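Peer 1: My structure is below; once you've seen it, I'll send some questions.
Since every read-out is calculated from the coordinates, none of them should be taken as a lab result. What you are looking at is a predicted structure, and each value in this text was computed from that prediction instead of being measured. Here the Cβ is made from the backbone with ideal geometry for all residues, glycine too, and neighbour counts use every protein chain on show.
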Amino acid sequence: MKIKTLAENMSVSDEYKSEHGFSIYVETQKHKILFDTGASGLFGENARKMNVDISAVDLAVISHGHYDHGGGLKTFLDINSQAKIYLNHKAFGKYYARRPNGKNVYVGLDQELLPNDRFIFTGKQLVIDEELVLFSAVKGSVLNPASNQGLLMEQDSSLVQDDFAHEQNLLIREQGTTLLLAGCAHNGIVNIIKHLVALGYDLPDYVIGGFHLYNRPADEFEDPAIVRQIGEYLKITCAMYYTGHCTGIEPYKILKEILGEKIEYLATGVQFTI
Ligand SMILES: [Fe+2]
Ligand SMILES: [Fe+2]
């Protein structure tokens, strides 16, 4: 599997622009996959620089209904005329974030993109083929990110705490190697991995995603003691982790102390093969 980071909060060099967003390209023997589009058309610009042909992508996944993961959807639809786009059936719900000044800001997807017959709306689990499985409905409550507080969803015309039912994760299996992709891991990366195992899958060999241990508008990091507990759990899975985006630099440093060479930062422009 070839992995290329098309958008992330930082860049590996001046050659690539970065943004608060997340977009990963994965190429397997069977598929050319775009996992999230970042916040804008930047993923397309970086894809060209990294020799990724977005028009040849055959399948796209949006991890959840936040703009920093699906904000580039319009650009993707413009460049690519064939790929189906998999979204949780709640991904086009109305999602908001409470800013430190008390104002609620819309952070959901562009409602103008609806309807579109290229969208495939998913539920609890969807086995796409022998390589790809999507799953949502992660309900665990272990080590949930504190920075979820202040993230809201519209329900019955009022705003309530987001339950992140709109979040899905992708498992890729190729020739005995497994990769778990999470977007922001709002449901908690530990819960997501436990849920995967509860569904009957082995622990993944590799995990890529943001772990949502940073509240960007408030510039607050997750409690270091909680980050340590997350790190200790991730360590016993023996998987290799690549993280960035909403993980935040301070939590990343703590995870790095615990996981050592089993975790790497995933900046825009980073590419590798697993
Ligand atoms: Fe995010
Ligand atoms: Fe998010």
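Peer 1: Would you please put 111-118, 233-240 in order of how densely packed they are, using the mean number of other Cβ atoms within 10 angstrom per residue and starting with the highest?
Peer 2: So the peptides 111-118, 233-240, ranked by packing, come out 233-240, 111-118.
Peer 1: If you add up the charges near ASN104, with Lys and Arg at +1 and Asp and Glu at -1, over every other residue whose beta carbon is less than 14 angstrom from its beta carbon, what do you get?
Peer 2: +2
Peer 1: Still on this model: Exposure proxy check: MET50, MET1 ranked by fewest other beta carbons within 10 Å?
Peer 2: The order, fewest Cβ neighbours first, is MET50, MET1.
Peer 1: Only four residue types carry charge here, +1 at the Cβ of Lys and Arg and -1 at the Cβ of Asp and Glu. Report the dipole size of the chain about the Cα centre in Debye, rounded to the nearest 20.
Peer 2: The calculated dipole for the chain is roughly 160 debye.
Peer 1: What are the trypsin sites (Lys or Arg not before Pro) within the stretch 86-116 that DSSP puts in a loop, where the Cβ has at most 12 other Cβ atoms within 10 Å?
Peer 2: Listed in order of number, the matching sites are LYS103.
Peer 1: Same structure, new question: Rank ILE120, ILE24, ILE192 by mean-square fluctuation in a GNM of the chain with C-alpha springs under 10 angstrom and give only the top-ranked residue.
Peer 2: ILE120
Peer 1: Now for a separate question. Using unit Cβ charges (K, R positive; D, E negative) and no other charged atoms, how large, in debye to the nearest 20, is the dipole of the stretch 24-114 about its Cα centre?
Peer 2: I would put it at about 360 debye.
Peer 1: Only helical DSSP H runs with n ≥ 4 go in: add -39500 (n - 2.57) per run for the chain, normalise by residue count and round the 222 nm mean residue ellipticity to 500 deg cm²/dmol.
Peer 2: -5500 deg cm²/dmol
Peer 1: A follow-up question, please. Return the Rg/Rh value of the stretch 2-273, two decimal places, where both radii are evaluated on C-alpha atoms and Rh is the Kirkwood radius.
Peer 2: My calculation of the ratio gives 0.93.
Peer 1: Under a plain spin-label model, where a point goes 7 Å from the Cα along Cα-to-Cβ, how far apart in nm are GLN161 and ARG118?
Peer 2: So the label points at GLN161 and ARG118 sit 3.8 nm apart.
Peer 1: Can you give the alpha-carbon Rg of the stretch 80-192 over 2.2 N^0.38 Å, where N counts its residues?
Peer 2: 1.18
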